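Below is one structure, written out as structure tokens; the observations come after it.
Any read-out appearing in this document is the output of simple, stated calculations on the displayed coordinates, not a laboratory observation. Everything numeric in this text was worked out from a predicted model, so none of it was measured. Glycine gets a Cβ as well: all are built from the backbone with ideal geometry, and neighbour counts include every protein chain shown.
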Amino acid sequence: SVLFLTLLLLFLALFPGAYNCCMKISDEIPKRILRRVERFEIQKADGLCHLEAVILYIEGRKFCVSPRIRRVKKMMKKMKHKIHRSKLHVRKQRRTRMTKEKEKKQ
């Protein structure tokens, strides 16, 4: 048992993400849960994790769902678009502020 424990600790040290993989995925997810998603990650079926999945984070909890669910695809597209738009807005604000500062100096 000591050998097993040593090997387990060694494995966890070498592959820290291995225990964080989705082992099961759901093929359905209610709309009410999708509306509350704070962020998501895509788990590839390569490397340490052997299952393709989308990990949804809702109020500190993790849900593993199939990436083939149409609702999940739409939600991911919306969230990426929302993130992209907010980044562009910040850049535009920064650029506007910098040009105003230059005008003041002249």
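Would you kindly state how much longer the chain becomes between Lys24 and Lys44 on full extension, computed as 0.36 nm times their sequence separation minus their alpha carbon distance, in nm to one decimal?
In short, 5.9 nm is gained.
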Multiplying the sequence separation of Lys31 and Lys77 by 0.36 nm and subtracting their Cα-Cα distance, what value in nm do you get? 15.0 nm
Peptide ranges 21-27, 63-69 listed from the most packed, as the mean C-beta count within 10 angstrom indicates: 63-69, 21-27
